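Taking it in order: structure first as structure tokens, then the write-up.
The values are calculated or read from the model by the stated rules, or taken from the named source; none is laboratory data. Computed from a predicted model, the values in this text were never measured in an experiment. Cβ placement follows ideal geometry from the backbone for every residue including glycine, while neighbour counts extend to all protein chains displayed. These accessible areas exclude ligands, DNA and RNA; they are computed on the full protein's heavy atoms, side chains included. Shrake-Rupley method; radii C 1.70, N 1.55, O 1.52, S 1.80 Å.
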Amino acid sequence: AWRRATSLLSFGVDLSAKDAPDPFHGRLPNVTHLLHDVTFGAPFPPGDNPLRDTHHVMDNGSGVALANVAVKLVPTTYKQTFRTALETYQASVSRHIVQPETLAAQRSTLLPGLLITYDFTPLAVRHLESRENWFVFLSSLVGIVGGVFVTLGLVMGCLVDSVQAVAKKMD
């Protein structure tokens with residue numbers, strides 16, 4: 001019963017009957033796959049989605065393995081200047097290919113294919129973009145310009161005094 005259920009769930013055919021034709025002609029199907037897009041909430045503007053356009057190639061000869069994708073989700077509040085806050089998630093992804101020999105040695109009940117697990121972290125991130133006001137900008141600009149004039153005045157004063165001192169000694 002277990003073999004029939006797993007064959008129906010994984011490949012959509014009943015392989016448990018003795019006189020059933022072999023739809024795979026003695027070979028196992030290749031479970032290489034491509035993830036077009038897996039999202040959790042609205043996209044996080046400064047980052048990219050690590051689960052967009054990713055592929056897992058089963059290149060072990062048989063084409064059968066388990067692609068284990070673990071996703072850690074971090075709740076994030078993203079606030080841009082002059083816009084409303086966006087509640088979304090940042091994702092951290094780790095991928096691991098489990099070979100069929102490992103599955104058999106561990107007597108695992110997992111089938112070859114794709115396994116996506118996700119976990120929410122108990123921490124939250126608040127990403128706030130802000131700008132200084134105009135008065136801070138203007139006071140910084142005035143300070144920089146004043147500092148340049150003072151520094152140039154000191155350098156010019158030293159140069160003029162040294163040239164005068166050399167001119168006095170020459171006389």
Which three lengths, in whole Å and largest first, does the stretch 54-171 cover when its Cα atoms are put on their principal axes?
-> 101, 43, 22
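May I ask you to give the percent of accessible area on the stretch 96-171 that is carbon plus sulfur, with a probe radius of 1.4 Å?
Of all accessible area on the stretch 96-171, carbon and sulfur atoms account for 68 percent.
Between Leu141 and Leu86, what's the calculated FRET efficiency when r is the beta-carbon distance and R0 is 25 Å? Round to 0.05. Intermediate results must be reported in sequence, preceding the final value.
Values: r = 33 Å, r/R0 = 1.31.
Given R0 = 25 Å and the Cβ-Cβ separation, E is 0.15.
How much area per residue is accessible in the stretch 32-97 when the probe is 1.4 Å and only protein heavy atoms are counted (Å²)?
Working: 3810 Å² over 66 residues.
Per-residue accessible area for the stretch 32-97 comes out at 58 Å².
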Could you calculate the contour length gain from Cys158 to His33, that is, 0.36 nm times the residue separation minus the distance between their Cα atoms, to one decimal place in nm?
-> 37.6 nm
Computed FRET efficiency, Cβ-Cβ of Val98 and Ala124, R0 25 Å: what is it to the nearest 0.05?
-> 0.20
With label points set 7 Å from each Cα along the Cα-to-Cβ direction at Asn133 and Val74, the distance between them in nm comes to 3.2
